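Mind looking over this structure? Questions follow.
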Amino acid sequence: MSQQQVDYIIDVEVNVDRKYLSASANVTYHNHSRNTLPYLIFELPQQRFQQADDIKSAGTTFLKAQNQLGQTLHVEQKQTYYLVHLDKPLKANQKQKITLTWDLQFIERNNDLSPRSGFEITKSGAILIGAAQWYPRALGFDEQFQWDTLPFKGKGEFHLELGNFIVNINVPANYMVAATGELTNPNRVLTPKQLELFSSQNTETITIPNEHLSANDTNTWQFTSELSRDFAFALGDQLVWERKSIQLSTGIHHINIFYPDNGRWLWQKYGMDGAVHAISYLDANVASFPFKNYTVFNIAGISMEHPGFTFVGFRGPDHKGSGKPNYSRTQKHDVLGGTFHEIAHSYFPMYVNTNERREGYFDEGITSYLAYLIEQSWSEDFQSFYGSPLDIVPVMLHSYQPPFTLADNLKSKLSSHYHLPATAWHILGEQILAPHQLLTLLNKFILKWQGRRAYFTDLMTFLDNNTDQALAPFFNFWFNSGLHVDLAISEVKQDKLTAMITVSNLGGIPMPATMKVVYKSGEITTHQISFQDWQAPYLQINIELAHPSSIKRIVLDPNNKSADINTSNNHWPLIGG
């Protein structure tokens, strides 16, 4: 089925004092499916905060809908979903225009309910507002699930359509605005000095001064974005705005970094450099970077990706000025790693649309793996949290929920939807496929599926069809089994001419591995066990070696690349045995 399309023209006014917005939208829904739709479904995820005991006011107090004639349409609320009943069913390959009006009360961004949006007030009194999931977003509709109304409980993310956006954001004149897409009226909202710098396409990082047009009480910032999966924006009254133009494979791209003055040191030192490094790496190694304008906005406690725009919630020490503050290696790598991860989301789910609520492991797993590659290209001793097989061992030492589990049913989403899939992709790319083959295949998949919704089965089928290996067992073991890796040298038989070595799969997940053999003669040989060497029921492999010298010692996985939870049985003779 073709991808549905939902276009928005939105006018929004932000009341900074009340941390509140009111808005209206002209929405055009293009029904590219074969179904007739008697209603459309939109979602306002922040409605779940209305049930919280500690929040007096949150979410939306009303959502109204009208047809093209201005007649009221019936709106039916079901949890965070709103069904807009059309006066005339929308037939296949037709479009329908409606008007929506609504409001939204923001809550503090550090609320225990993890709002992914909200406001921050810094110690200096600066106000930052991050607006995400702020407008009625059309729920994804496809042939597999039609209206997939899995409830929003907080961990499961979003299932959206693509569309064109024109968004007019009215704010007090002393506030700067960052958003998805391109600022299309800079001459109306920027001072002459700001406009000159903004338009300069400078290949060095420039700082656009925090000043405003004194003649205005408010400014309306207009942003446009084509075939975008979502739209987010943010604003602040004491922001540092850095901008840089870089040359990528498809031309000039513009990078914007926004952060409050108290986050100056780490963000001034690493914010722009980190963003440019990530975008350049992805453009060169994965696929042409899809956004001509990309913005990273620092607001404490919110890290969430959007098309061409991301929030990064790590800040480091609360510090103003140029003097070097005390900060930890972890704080530095949190700022960089958070930036790398969110930018890596530009392909999944932004360029290739995915159903995050049902398949959170899809985009988060690939993104975490790509972020790991970016981190290691920044520095080989980068403090990476996801991706290394050795680092997944603590997760696998205990019972864990496999990645195919729905996000809202997970005890640890970080383990099951980020850490485990990222490690699986790392192993697939480094130990099963040929060098660089996985990134080449991801490039081809991205180009094939850009602008369309893909499910994980589409990717598995694509990889099976474009490699000479049957990969379905690998994905089943890593994404669906809940098993772990424990390879063991269970038996060694040798005579004068040959040796038979039995490697057993005690943990349940078969793995490729290197076997190092040391002979009494002093010779050392290595032997590779491939994933395809394992055959159902994947219990053991027998390896016959022909050699006139007796074996002195065998080590399985000497470089700790298999995520093995018990390395004591990787030795023969057993250590201490």
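With (1) open to solvent by less than 30 Å² (accessible area, probe 1.4 Å); (2) assigned to a loop (DSSP other than H, G, I, E, B) as the list, and THR149 as the residue in question, which single condition is left unmet?
Of everything listed in (1) open to solvent by less than 30 Å² (accessible area, probe 1.4 Å); (2) assigned to a loop (DSSP other than H, G, I, E, B), THR149 misses just condition (1).
May I ask you to say which residue of SER2, SER114, SER33 is surrounded by 18 or more Cβ atoms within 10 Å (Cβ to Cβ) and assigned to a loop (DSSP other than H, G, I, E, B)? Step through it out loud before you land on a result.
On the way: SER2 fails: surrounded by 18 or more Cβ atoms within 10 Å (Cβ to Cβ); SER114 fails: surrounded by 18 or more Cβ atoms within 10 Å (Cβ to Cβ).
So the residue among SER2, SER114, SER33 that is surrounded by 18 or more Cβ atoms within 10 Å (Cβ to Cβ) and assigned to a loop (DSSP other than H, G, I, E, B) is SER33.
Separate question: Which of the following residues is more than 30 Å from GLU143 (Cβ to Cβ), modelled with pLDDT of 95 or more and within 15 Å of the chain's Cα centre (by Cα): GLY338, GLY308, GLY360?
Just a single option satisfies the conditions, and that option is GLY338.
In this structure, does ASN164 turn out to be open to solvent by 40 Å² or more (accessible area, probe 1.4 Å) and either free of Cβ contacts under 8 Å to residues at least 12 places away in the same chain or not in a loop (DSSP other than H, G, I, E, B) (or both)? Show your work before the answer.
Details: open to solvent by 40 Å² or more (accessible area, probe 1.4 Å): yes; either free of Cβ contacts under 8 Å to residues at least 12 places away in the same chain or not in a loop (DSSP other than H, G, I, E, B) (or both): yes.
Yes.
Are there helices (runs of 4 or more DSSP H) fully within segment 356-459 with at least 3 residues that are closer than 22 Å to ASP283 by Cα? List them.
Numbers: elements: 360-378, 393-396, 420-427, 437-449.
Those helices (runs of 4 or more DSSP H) span 360-378, 420-427, 437-449.
Something else: Please go through segment 242-282 and pick out each residue that is more than 19 Å from PRO317 (Cβ to Cβ), outside any strand (DSSP E or B) and open to solvent by 20 Å² or more (accessible area, probe 1.4 Å).
Within segment 242-282, SER249, THR250, VAL276, HIS277, SER280, TYR281 qualify.
Sticking with this structure for a sec: Can you name every residue in segment 64-111 that is on the phi > 0 side of the Ramachandran plot and either surrounded by 14 or more Cβ atoms within 10 Å (Cβ to Cβ) or touching a Leu at 6+ places or on another chain (Cβ under 9 Å) (or both)?
First pass over segment 64-111, keeping only residues on the phi > 0 side of the Ramachandran plot: 70, 79, 93.
If the condition is that a residue be on the phi > 0 side of the Ramachandran plot and either surrounded by 14 or more Cβ atoms within 10 Å (Cβ to Cβ) or touching a Leu at 6+ places or on another chain (Cβ under 9 Å) (or both), then GLN79 is the only one that fits.
Can you tell which of ILE374, ILE432, ILE392 is farther than 28 Å from GLN532 by Cβ and in contact with a helix residue (DSSP H, G or I) (Cβ under 8 Å, 6 or more places away or on another chain)? Steps first, answer last, please.
Details: ILE432 fails: farther than 28 Å from GLN532 by Cβ; ILE392 fails: farther than 28 Å from GLN532 by Cβ.
Exactly one residue qualifies, and that residue is ILE374.
From the list TYR270, TYR294, exactly one residue is hydroxyl-bearing (Ser, Thr, Tyr) and in contact (Cβ under 8 Å) with a residue 60 or more places away in the chain. Which is it?
TYR270
Of everything in segment 199-218 that's open to solvent by less than 50 Å² (accessible area, probe 1.4 Å) and out of contact with any strand residue (DSSP E or B) (no Cβ under 6 Å at 6 or more places or on another chain), which residue is nearest to ASP17 (Cα to Cα)? Break it down stepwise before answering.
As a first pass, look at segment 199-218 and keep what is open to solvent by less than 50 Å² (accessible area, probe 1.4 Å): 206, 208-209, 213.
Among the residues that remain, those that are also out of contact with any strand residue (DSSP E or B) (no Cβ under 6 Å at 6 or more places or on another chain) are: 209, 213.
Values: PRO209: 23, LEU213: 20 Å.
By that ranking, first place goes to LEU213.
To continue, here is another question. Taking strands (runs of 3 or more DSSP E) that fall entirely within segment 503-570, which contain at least 1 residues that are touching a helix residue (DSSP H, G or I) at 6+ places or on another chain (Cβ under 8 Å)?
Passing ranges, in order: 540-546, 551-556.
Could you figure out which of (1) crowded, with 24+ Cβ neighbours inside 10 Å; (2) touching an Asp or Glu at 6+ places or on another chain (Cβ under 7 Å) isn't true of SER384?
Result: SER384 fails condition (1) only.
Spot the failing condition for TRP221; the list is (1) in a loop (DSSP other than H, G, I, E, B); (2) open to solvent by less than 50 Å² (accessible area, probe 1.4 Å); (3) more than 27 Å from HIS333 (Cβ to Cβ), and only one is missed.
Result: TRP221 passes all but (1).
Checking the structure you have, find out if any residue of segment 474-483 is outside any helix (DSSP H, G or I), under 21 Å from ARG357 (Cα atoms) and open to solvent by 60 Å² or more (accessible area, probe 1.4 Å). Give the steps one after another, and end with the answer.
Of all residues in segment 474-483, those outside any helix (DSSP H, G or I) come to 481-483.
Those left that are additionally under 21 Å from ARG357 (Cα atoms): 481-482.
The next check asks that each one be open to solvent by 60 Å² or more (accessible area, probe 1.4 Å); those that pass are none.
Checked segment 474-483: no residue is outside any helix (DSSP H, G or I), under 21 Å from ARG357 (Cα atoms) and open to solvent by 60 Å² or more (accessible area, probe 1.4 Å).
Based on this model, can you work out whether PRO136 counts as open to solvent by less than 10 Å² (accessible area, probe 1.4 Å) and either of a type in the set (Gly, Ala, Ser) or within 22 Å of VAL84 (Cα to Cα) (or both)? Talk me through it step by step, then tell me what you get.
On the way: open to solvent by less than 10 Å² (accessible area, probe 1.4 Å): yes; either of a type in the set (Gly, Ala, Ser) or within 22 Å of VAL84 (Cα to Cα) (or both): yes.
Spelling it out, PRO136 is indeed open to solvent by less than 10 Å² (accessible area, probe 1.4 Å) and either of a type in the set (Gly, Ala, Ser) or within 22 Å of VAL84 (Cα to Cα) (or both).
The values are calculated or read from the model by the stated rules, or taken from the named source; none is laboratory data. It should be emphasised that the depicted structure is a prediction, and the values quoted were computed from it without experimental measurement. Every residue, glycine as well, gets a Cβ built from its backbone with ideal geometry; the counts of neighbours run over all protein chains shown. What goes into the accessible areas is simple: the full protein's heavy atoms, side chains included, and nothing from ligands, DNA or RNA. Shrake-Rupley method; radii C 1.70, N 1.55, O 1.52, S 1.80 Å.
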